[in-house]
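A.B. asks: Dumping the structure here so I can ask a few things about it.
The values are calculated or read from the model by the stated rules, or taken from the named source; none is laboratory data. Please read all numbers here as calculations on a predicted model, not as lab measurements. Here the Cβ positions follow ideal geometry from the backbone for every residue, glycine too, while neighbour counts run over all protein chains shown. The protein model used for the area step is the full one, side chains on, heavy atoms only, and it has no ligands, DNA or RNA in it. Shrake-Rupley method; radii C 1.70, N 1.55, O 1.52, S 1.80 Å.
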Amino acid sequence: MGYTPVVGWGKLSDGWSFVEATAVAVDADDNVWVFNRGAHPVIVFDKQGVFKRSWGEGVIRRAHGITIGPDGTIWLTDDLHHTVRQFTPEGKLLLTLGDPDTASTAHGGKPFNRPTHVAISPRTGDLYVSDGYGNSRVHKYDPRGRLLKSWGEPGTDPGCFNIPHNIATDAGGRVYVADRENSRVQIFDENGTYLGQFGLAASARLGDLFFVGELPSHLAVNQAVPNIGARVSVLTIKGDLVERIGGPFPGEKPGEFVAPHACAVDSRGDLYVAEVAWTAVGSKENPPREIRSLQKFTRT
């Protein structure tokens, strides 16, 4: 297995900008949905990378996660809006989870304080929300948006979280939580019972593979040390390493990464990686500059 970068895939119109792409998803027709922090928060490309449409202008406070449901509806996690919202593919609001004006008490356990992502069980249709930057919980909802249960608390022990940053499910109903600052993925059954863990942060699946976006270290002592981030690792469902994509250091050449944040795969096994390059690097430069934040890789 290998992955080759597709240079220039998904070009925007003149004057348009992602600022940075925070998340990416692929629908049943292999259209690619890019959730971003620019003026057009939801941008859709066809499988060839041709622009199709955009929406979400004036609706999104801070893009974070995007998930496409089995019915084709779009679930957007907006961490500064403190909500998970369901939309039609055309952008009509269908359902809102959370209070858009009031965050819950920090690490108090109730939904939501800067939620990060949503996953949908292919077995039951139940929703799982990782919550998030200001909380240490996972919340489970039924398909109509009724809260069923929550689990987790701050900490490093099994079942505890330090920034639950992403979440995924598998066909058997297991729930995988990217426990970011604890540098691990924790595995639970559908009722929140702890089953085990493996390292790093799961973002998307292809069969029994997980694609893991790893942010680089920002410690000065590690700047000259290779192979400690700014890459995508491919793991089996058991946590065994298959391969890594990217260079030994952060970079902007095709196939290199600055700050991979989310991954998605299409029906052909091609990989899409969204990067928070503006937050990680571009905004800190003098003068600030926008850095490429979306790459496609073909599976070879």
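A.B. asks: Pull up the cross-link candidates among the lysines for K47, meaning alpha carbon to alpha carbon under 22 Å and not fewer than 8 places away within one chain.
C.D. replies: K11, K296
A.B. asks: Another question about this same structure. Where does the charge balance sit around N135 when Lys and Arg score +1, Asp and Glu -1, over other residues with C-beta under 9 Å from its C-beta?
C.D. replies: Surrounding charge for N135 is +2.
A.B. asks: Here is a follow-up. For the range 1-74, what does the alpha-carbon gyration tensor say about shape, rounded, prolate or oblate, given a ≥ b ≥ c as the root eigenvalues, a/c under 1.5 as rounded, and a/b over b/c as prolate? Don't jump to the answer; show the numbers that get you there.
C.D. replies: Details: a/c = 1.62, a/b = 1.16, b/c = 1.40.
Oblate shape, in that a/c is at least 1.5 and b/c is the bigger or equal ratio.
A.B. asks: First measure r as the distance between the Cβ atoms of R268 and T105, then evaluate 1/(1 + (r/R0)^6) with R0 = 51 Å and state the FRET efficiency to the nearest 0.05.
C.D. replies: Values: r = 45 Å, r/R0 = 0.88.
After rounding, the FRET efficiency stands at 0.70.
A.B. asks: Let me ask something else about it. Please tell me the relative contact order of the range 33-166 in percent, rounded to the nearest whole number, where contacts are Cα pairs under 8 Å and at least six residues apart.
C.D. replies: The value is 14 percent.
A.B. asks: With labels modelled as points extended 7 Å from the Cα through the Cβ direction, what inter-label distance (nm, one decimal) is found for A28 paired with E153?
C.D. replies: It works out to 4.3 nm between the two label points.
A.B. asks: What relative contact order, as a whole-number percentage, does the chain give when Cα pairs under 8 Å and 6 or more residues apart are counted?
C.D. replies: Relative contact order comes out at 15 percent.
A.B. asks: Go through (i) 20.1, 62; (ii) 17.8, 50; (iii) 18.4, 56 and flag the label whose value is the computed Rg and Dmax of the Cα atoms in Å for this structure.
C.D. replies: Of the labelled values, this structure produces (ii).
A.B. asks: Give the residues of the range 20-37 whose amide nitrogen is closer than 16 Å to a point set 7 Å from the Cα of D46 in the direction of its Cβ.
C.D. replies: Label zone hits: 27-33.
A.B. asks: Using helices alone, I'd like the mean residue ellipticity at 222 nm for the chain: each DSSP H run of four-plus residues gives -39500 (n - 2.57), total over residue count, nearest 500. Please list the in-between numbers first.
C.D. replies: On the way: 1 runs with 4 residues, N = 300.
Here the helix-only value at 222 nm equals 0 deg cm²/dmol.
A.B. asks: Please work out how much accessible surface K92 shows to a 1.4 Å probe, ignoring ligands, DNA and RNA, in Å² rounded to 10.
C.D. replies: Ignoring ligands and nucleic acids, K92 comes out at about 140 Å².
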